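Read-outs: derived from the displayed coordinates by stated rules, not from any lab. Remember, it's a predicted structure, so these values are computed and weren't measured experimentally. Reconstructed Cβ throughout: ideal geometry from the backbone, glycine too, with neighbour counts over all protein chains shown.
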Amino acid sequence: MQSLWSPSADITPARSGIEDRLAEMITIPTISAHRAELGVGPFEQFLDLLAQQYPLIHQHLERERIGELGMVFTWSPAGPSAAAPVVLMAHFDVVPVAGQEDEWTVPPFEGRIADGVVWGRGALDDKGSLVTLLDAVENLLTDGWAPPREVLLCLGGDEETHGRAARLIADTLKDRGVRPSFVLDEGGAVTTLPFPGLSGWFAMIGLAEKGVMAVRLSTTGAGGHASAPSGLTAVGRIARAVARLNHNPFRLRMPRTVRQLFSRLADYADQPYAGIYRAAASAPAVTSRLLPLLGAEGEVMVRTSLAATMISGGSAANVLPSEASAVLNLRVNVGESCDQVITRLRTVIDDPEVTIDIIEADEPTPESAVDNAAWRQLAAAVAAAYPGVEAVPYLTTAATDGRHWHRFTPNVYRFSPLAMDAEQRASIHAADERVSVDALVRGERFYRALLLGL
């Protein structure tokens, strides 16, 4: 696959074989959702592989296991430093492929390299980012370089199942007094944008992320024979509750991050779209009503989303169900709260016979800044790896491990330094996940430039 960007001349070449290291990582099925039945074997095997692939990291950096699936490498500065440390994150677990096997062009855990592309589960999410980060550190160690301030490499093995390892790492380091100058985790990428008037590629760097909730609706009803129903059944009551929620979406609200996105897009868009984006940034109330017209990608930036993902009830076609339930997945808009979501669910459902129980709830995060040294360092590293590509702020609608740091540090950013087009983005958590070798090479260059820029 030919690169879209010219090489950057100000960074020395890296060691070869980054694609081989990623391919070997992919062959180990670190599926966190299967850990209960498979145990920690694949995860221990993966960490053993890292020790083989990155001997200098394991020789020169302090290594600490935090919890069962958390790993922290501490890179001490070259000399005394009062500067706050930097936290660089990645996760090494992946999602299952059950039900998708027949849709893959190549087996998902084969780790095949073909035509300049590495195929397999985790190629983008998140072993691709992990290999670029660790390769960059290994290459700098080879050059004898040490950072001017402490750098913490925080790796988690259960991001896809609520990120308990990352939360434990963040809490442990907080208790030790660690207050990073900035934190960088996965999230955005170098990609094209689905907005008119824009061409080329942009580095989408997440400033904030929506909250994540899972809620169970449940109710009970009188059992009996289905030939003599006595009114609304338990299944019918739950179905009515879900229908009411679907017909009464959450209110529209444009976070500051989305306004900053449009303001930045105006600098790069053709006319008349540049003027439209500039106006959109200055009129959030109007723009928030227009964004849903662009489809799901536009709507999720300005509204708490709700999806009924599971429903159950009843035991036979001719038996009245005695109980029924549904599970809702919600992504809470920045500026709102989980308590507000529950209040609205109760109001819209308007049925005291439906019980609402919270399965999990993570609040939306604060919004990081774009006018500080951390943002400038990220943008400079993007320019070193992808010449001509501009850094643009955006709102992360999926959950990342980075959310656990927002409680005690203001500057948390979300960016995977990998180029991926719309089709590749769609392969995350789906079939045919893959990354180009050129993107891996440039991702390593990004991390090296970021570290050198400290």
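Per-structure values
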item	result
Residue-span extension gain [ASP48 to THR355] - 0.36 nm each, minus C-alpha spacing	105.9 nm
Centre separation in Å (Cα based) which lies between segment 210-235 and segment 330-402	31 Å
ARG112 long-range amide H proximity, modeled H, under 5 Å	TRP119
Derived scalar couplings ³J(HN,Hα) [segment 72-81; Karplus, 6.51 cos²θ - 1.76 cosθ + 1.60; whole Hz; x for Gly, Pro]	10, 9, 9, 9, 6, x, 5, x, x, 8
Pairwise label distance in nanometres, ILE311 with ALA243, each label 7 Å out on the Cα-Cβ vector	0.9 nm
Within segment 196-230, backbone nitrogen closer than 18 Å to the virtual label 7 Å beyond the Cα of GLN271 toward Cβ	197-199
DSSP-defined antiparallel bridges as percent of all bridges, the chain, nearest 5	70 percent
Relative contact order, percent, the chain [alpha-carbon distance under 8 Å, six or more residues apart]	25 percent
Segment 310-325 - phi-based ³J(HN,Hα) in whole Hz, Karplus 6.51/-1.76/1.60, Gly and Pro as x	9, 8, 8, x, x, 10, 7, 5, 10, 10, 5, x, 8, 7, 7, 8
Shape of segment 9-90, Cα gyration tensor, a/c cut at 1.5	oblate
Global form of segment 248-361, assessed from the alpha-carbon gyration tensor, a/c cut-off 1.5	prolate
For ALA189, distant residues with modelled amide H under 5 Å away	MET204, SER416
Segment 356-454, dipole about Cα centre (Lys/Arg Cβ +1, Asp/Glu Cβ -1), debye to the nearest 20	520 debye
Expected 222 nm ellipticity per residue - DSSP helices of 4 or more, -39500 (n - 2.57), all of the chain, to 500	-10000 deg cm²/dmol
Unit charges on C-beta of K, R, D, E only; dipole of segment 210-362, Debye	460 debye
Under the Karplus curve 6.51 cos²θ - 1.76 cosθ + 1.60, θ = phi - 60°, whole-Hz ³J(HN,Hα) for segment 189-201, x wherever Gly or Pro sits	7, 7, 7, 8, 10, x, 10, x, x, 10, 10, x, 10
Anisotropy class of the chain from Cα gyration tensor, a/c 1.5 cut	prolate
Selection of GluC sites (Glu not before Pro), segment 19-105, meeting DSSP coil and at most 14 other Cβ within 10 Å	GLU68
